1. I'd like the full set of residues that are away from ligand 2 (no atom under 15 Å from the Cβ) and either assigned to a strand (DSSP E or B) or of a type in the set (Val, Ile, Thr) (or both), limited to the stretch 68-89.
2. Which pairs have Cβ atoms under 8 Å, sit 6 or more apart or on different chains, and link a residue in the stretch 33-61 that is touching a residue at least 24 places away in the same chain (Cβ under 8 Å) to one that is of a type in the set (Gly, Ala, Ser) and loosely packed, with under 10 Cβ neighbours inside 10 Å?
3. Can you name the strands (runs of 3 or more DSSP E) wholly within the stretch 140-255 that have at least 3 residues being modelled with pLDDT of 95 or more and not aromatic (Phe, Trp, Tyr)?
4. Have a look at 103, 96 and point out the one that is within 18 Å of the chain's Cα centre (by Cα), part of a loop (DSSP other than H, G, I, E, B) and more than 16 Å from ligand 1 (Cβ to nearest atom).
5. What number of residues within the stretch 79-98 satisfy the criterion of being surrounded by fewer than 22 Cβ atoms within 10 Å (Cβ to Cβ) and aliphatic (A, V, I, L, M)?
6. Taking the condition of being touching a Ser or Thr at 6+ places or on another chain (Cβ under 9 Å) and part of a helix (DSSP H, G or I), how many residues in the stretch 15-45 meet it?
7. Filter the stretch 107-120 down to the residues that are open to solvent by less than 30 Å² (accessible area, probe 1.4 Å) and either of a type outside the set (Gly, Ala, Ser) or free of Cβ contacts under 8 Å to residues at least 60 places away in the same chain (or both), then identify the one that is farthest from residue 235 (Cα to Cα).
Amino acid sequence: GVKWTYKGPEGEHHWSKHYPFCGGTFQSPIDIKSELLRFDPALRPIEVQNYNLAPDEQLTLGNNGHSLQISLPPKMYLSSLRHRYTAAQLHFHWGSSSRPAGSEHMVNSRQYAAEMHVVHYNSEKYPNISMAVDKSDGLAVLGVLVEVGDFNPAYEQFLKFINVQVPGFNVRALLPTRLDEYYRYDGSLTTPPCYPSVLWTVFKNHVTISQKQFLALTTALYSSNAQDSVAIPLHSNFRKPKLIDSRVVLVSFKE
Ligand SMILES: NS(=O)(=O)c1c(F)c(F)c(S(=O)(=O)CCO)c(N[C@H]2CCc3ccccc32)c1F
Ligand SMILES: [Zn+2]
């Protein structure tokens, strides 16, 4: 596809020129404001299956030019939604060491240091993620807000490796403790092609990583590739919040 970036002439205000959905409706991320919330008692706790991977399961950790991503084995899936959603990859959005705030979703206009997304696709209806990515019931993404604070051993499992195989680890430990407290809304990919195909689950509780771990995340990647003459550090890879329009944000918890 056509090259896109997070700032400059190919930045997010220009995405819709080549990716029309980016200028459309049901876009993500959003600023999750208290006045938009509606408690929904039907929202069940998120149930993850086979997230605890044995060390002999090698995971490919890579840089796709836009984010640090880890490919996930298809044994991992979500079992608490209407359809089975099978895991595909997880990736991150972050700010920069000089401007630490880099989450995509905000809560009452509070932007967190970073955000992790675990991308799943509806494997009951579609054979692979490429066939699911532009369907309205195609994807389910778990969003985890990340703040700088205490050291987090779970994140250490891969932050020391970059662009290599990492041994399997307990991906469940990257999520907050409470999987029953979350925001839920219909949205989109936050990168081109911005398909409105994502059932978003953003957990209410954030996780913390240490300042050192945050630096490892924000200094790990380059958006240029090896043969380029100049190395361009990859940072601030977050899209700004989009209008909610008439959408409602459901919550699984009472304030
Ligand atoms: N924030 S987000 O969750 O909307 C989101 C991303 F932010 C992001 F960068 C990617 S990507 O594949 O790394 C790069 C451009 O698609 C994907 N990739 C997903 C969507 C398309 C696709 C196809 C195969 C594997 C993963 C993905 C994504 F779903
Ligand atoms: Zn993402």
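1. Going residue by residue through the stretch 68-89, those that are away from ligand 2 (no atom under 15 Å from the Cβ) are 73-86.
77, 78, 85, 86 - these are the residues of the stretch 68-89 that are away from ligand 2 (no atom under 15 Å from the Cβ) and either assigned to a strand (DSSP E or B) or of a type in the set (Val, Ile, Thr) (or both).
2. Once the first residue is touching a residue at least 24 places away in the same chain (Cβ under 8 Å) and sits in the stretch 33-61, its partners that are of a type in the set (Gly, Ala, Ser) and loosely packed, with under 10 Cβ neighbours inside 10 Å give 33/109.
3. 182-187, 198-203, 207-209, 249-251
4. After ruling out the rest, the residue left standing is 96.
5. Residues that pass the stated criteria total 1.
6. Residues meeting the conditions: 4.
7. The qualifying residue farthest from residue 235 (Cα to Cα) is 120.
For (1) modelled with pLDDT of 95 or more; (2) surrounded by 17 or more Cβ atoms within 10 Å (Cβ to Cβ), each residue gets a yes or a no:
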site	(1), (2)
1	no, no
4	yes, yes
20	yes, no
47	yes, no
64	no, no
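The values are calculated or read from the model by the stated rules, or taken from the named source; none is laboratory data. Bear in mind that the values here come from a model prediction, so they are computed numbers and not experimental data. Please note: Cβ atoms are built from the backbone with ideal geometry, for glycine as well, and neighbour counts cover all protein chains shown. When the accessible area is computed, the model is the full protein with side chains, heavy atoms only, and any ligands, DNA or RNA have been set aside. Shrake-Rupley method; radii C 1.70, N 1.55, O 1.52, S 1.80 Å.
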